[in-house]
Each structure stands twice: as C-alpha cells, then as structure tokens.
Amino acid sequence: VSLDWLNDALRQRREANLLRRTSVVRHVGPALIEIGGRVLNNFAANDYLGLASHPEILGAVESASRMNESASDSSPRFGTGASPLVSGYTQAHAALETELARFEGTEAAILFSTGYAANVGTIAALVSPNDVIFSDALNHASLIDGCRLSRAVTIVYPHIDMDELEKLLRKNRSLGRRAFIVTDSLFSMDGDKAPLKKIVELASMFDTEVIVDEAHATGIYGGRGRGLVEELELEDRIAVRIGTLSKALGCLGGFVVGPSHLIEFLRNFARTYIYSTAMPIPGVEAALRALDLAHSMRAEALELRAAARAFRKSLVSLDYRTAGDDSPIIPIYFETPQEVLDRSSLLREAGHFVPAIRPPTVPRDQSLLRISLSILHTNTQRQSLLASLAQ
Ligand SMILES: Cc1ncc(COP(=O)(O)O)c(C=O)c1O
C-alpha cells in the first residue's frame, strides 16, 4: 500500500498517548453537550460570553437568509463565491469592517475568513526575509506559521520572560533590517497574559514593531471589550492588532485593525486575504450583531473574570498547579500526557468535559487540563466541577 509511512507516524503518536480523535458533539443546552450518549457540562468551548447560541445572532443569520430581508443583499445567498478583491466583498463585509474599526477605535479594519488566516497572512506579508522576529515560546500555532512563512530569522524567547527577551534583543536586533515582537495577548492554553507594557518599552528601546494577537482577550478585557491592549491603555503604542470573531464573539472570521495604510497594505499583500473566498454573508451579519452585544456585555465579562479568579483560588487550595489570574482559560498542569488523559476521563465519568491538552500543542513536560469558563455555566456547574476535582 502506498503512504504506509503514515501508519508509522500514527503508531508513534498512539504509543506516546498523543493520538487525537474527533468526538461527535451534540449541543443539548447552555454549556451542555452530549458525547457518546452522555450529557456533559461543557468546559471546552471558547464561547466565553455565550454568544454562539444568542437568539439575536441566530436571528441575524436567519434574516440574512430570507429574501429581501437581508440588510446586505436583496437576493440572499450564503456563500460569496469569490475572494474579496474579485466579487466577494458585499455591503455587509464593508459594514462589518467599518464596525470593527469603530469597535476597536482604529482608522480601519480588514476581515479574514478565520483568525488563523489573519495571523498567517499578516505576519507573512509584513515581515520580510531580511527582518528578525522575536516570538514568545507559547505563541499560537498560527503566529508560529506566519513567522515560518515570512522566512525571517525567528528567535523564540522563553514564555513571558522579559529579562531574556531584553538579552535576546540586545544580542540579535541587528540581525534584521526591521524587527518585530510577536505575541498572544492572552495565551490560548495557559490563560496567562503577555507583559505588554514591558514589551512595548523594550520595543521602543530596540526600534522594534509589536504584533499582538488578541484572539482570547477580545470581548473579555478593556472598558469597551477591545482586549488587553485597551485594558493596559497601549492602543497608541501597538500598531498591529489581530483578533478573531470565533471566541468570545461566538462567530467565525478573523480581523486586523490599525492605521489605514496598514489595512491597505494587507489588502494588497496578505495572501490569505487575496487568495481565499470572502466570509459567507450570514456569518458577516451574525458578527455585526455579536460586536454590538459584546460591547454591551461589559458587566458580564467582569463577572466572568471574577468567577475565574475565584475558581483559580479554589484550585490552589486543592493543591493544583495553575497559571494566570482572572482569565476564563484555566490550566491545570500535570507531568505526563497519560496523567492528563486519565484525569480528563475521570472527570468525564463525573459528567464534565474538560479537554486534555498534550504535546505538540504544549511543550513536552507541560500537559494540561484546559478549563474554559463561560457566562453560560451556572454556579452549580462550576461547583460540581470543583467537587469532582477535589476527589
Ligand atoms: C491565540 C489564537 N490565535 C488565533 C487563533 C485562530 O483563530 P480561529 O479559530 O478564528 O481561526 C486561535 C484559536 O484557534 C488562538 O487561540
């Protein structure tokens, strides 16, 4: 049989307890999923504000699909049939970009089909092979892939270690004509935050641009829900902010916000934008509603952060090792992938779905249970998970 080396690779993964499989999930209620015939509390979704099932968002999708009712098109359609620069850019796409720029307080915004595409396309377009990138060791795969595709020298600094970043900048800044620091603002697996204030300070010391991915922070942090850059009042100091509509906003699609010339440059040079079909129109209408809703849910976001802080406190009192402070992504670290798999399946028996995160998503010795909190969880669901963890 051809391709038989693939079986070797799969066997190796299986033997190391690292094989992944999809499970078919049925959504049966708020933060409740059914897998394999069992109903479980869902602690595995990035739907922090519960917007994925919000009636107004579902309503926006429905009316976008009905004849003459869609805000954007009098002849409704799902797919756009072309990339944005050909014929895929409708009035709805233009409206969403305008709203994103308004939401984020920037001159302009550009929409990508996913957050992954936004990260890969933006970094690969902005950074040339003559430049140098300084990248946090725990950055999301899409940032890493963007760095690879740029063909710039990429120097990986130990996770949020600013002393080390400073040393590396001192030693290696001169390797590139231009230099970039690339980081998640809220880390997707560990739920901790990049020290953005210090990063901005180092960037100005070493004449370096900063690219921040706010994927998990949008909707959760900042007075207007723009993310950690807003929370830390660094909006004037960070030129390139990337986000996604797929986490707290409950939809799908990625975006970049910033000055007009950045956005025009990306429209002309970001290959994941140019050579990919524009977002389906109902998805765009849904995102327009989601931005409005997220903007009005500041109190809910604060409550979620308070609940996350209290949850961590309980974990520490149970002697678990965790990270971060008030983010809804709460890790529990274990030594080996097997330990994490065992804990995850024990929790599942107790009625909770908490995913086991293993290499290569995380470094070798840092397998973790990733608990994602949402405003959809009842206090009873959270307490019940803690009770199971106590056992
Ligand atoms: C930090 C981070 N950036 C980007 C992405 C990609 O976003 P999307 O799922 O919208 O493609 C994700 C998650 O998938 C993420 O966790």
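The values are calculated or read from the model by the stated rules, or taken from the named source; none is laboratory data. What you are looking at is a predicted structure, and each value in this text was computed from that prediction instead of being measured. Please note: Cβ atoms are built from the backbone with ideal geometry, for glycine as well, and neighbour counts cover all protein chains shown. Side chains are part of the model used for accessible areas, which takes the heavy atoms of the whole protein and leaves out ligands, DNA and RNA. Shrake-Rupley method; radii C 1.70, N 1.55, O 1.52, S 1.80 Å.
The table below gives the values:
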quantity: Under 14 Å, Cβ to Cβ, from Q391 - net charge with Lys/Arg +1 and Asp/Glu -1; calculated: -1
quantity: Under the Karplus curve 6.51 cos²θ - 1.76 cosθ + 1.60, θ = phi - 60°, whole-Hz ³J(HN,Hα) for region 56-66, x wherever Gly or Pro sits; calculated: 5, 6, 4, x, 5, 5, 5, 6, 5, 8, 9
quantity: Amide proton proximity set for S83, modelled H, under 5 Å, gap of 5+; calculated: G88, A278
quantity: Cβ-based charge dipole, region 49-146, positive-most Cα from V120, G81, G105; calculated: G81
quantity: Separation of the E339 and R38 label points, Cα + 7 Å toward Cβ, nm; calculated: 2.3 nm
quantity: Portion, in percent, of the accessible area of region 275-391 that falls on carbon or sulfur, probe 1.4 Å; calculated: 52 percent
quantity: Solvent-accessible surface (1.4 angstrom probe) belonging to R20, in square angstrom, nearest 10; calculated: 110 Å²
quantity: Qualifying chymotrypsin sites (Phe, Trp or Tyr not before Pro) for region 112-214 [loop in DSSP, other Cβ within 10 Å: at most 13]; calculated: none
quantity: For region 213-321, accessible area per residue (1.4 Å probe, heavy atoms of protein chains only), Å²; calculated: 41 Å²
quantity: Rounded accessible area per residue of region 1-139, 1.4 Å, Å²; calculated: 53 Å²
quantity: Amide H within-cut-off set for Y157, under 5 Å, with H built and near neighbours excluded; calculated: S135, D136, A137
quantity: For A108, net neighbour charge (Lys/Arg +1, Asp/Glu -1) across residues whose Cβ lies under 11 Å away; calculated: -2
quantity: Cα-based shape type of region 122-200, given that a ≥ b ≥ c are square roots of the gyration tensor eigenvalues and the cut on a/c is 1.5; calculated: oblate
quantity: Where GluC sites (Glu not before Pro) fall in DSSP loop in region 303-377, at most 11 other Cβ within 10 Å; calculated: E335
quantity: Region 318-381: trypsin sites (Lys or Arg not before Pro) in DSSP loop, at most 13 other beta carbons within 10 Å; calculated: R321, R364
quantity: Inter-part distance where region 98-164 and region 209-266 are each reduced to a Cα centre, Å; calculated: 11 Å
quantity: Formal net charge of residues neighbouring F334 (Cβ-Cβ distance under 15 Å; K, R +1; D, E -1); calculated: -1
quantity: Alpha carbon Rg of the chain, scaled by the compact-globule rule 2.2 N^0.38 Å; calculated: 1.00
quantity: Within the chain: Cβ-based charge dipole about Cα centre, in debye rounded to nearest 20 (Lys, Arg +1; Asp, Glu -1); calculated: 720 debye
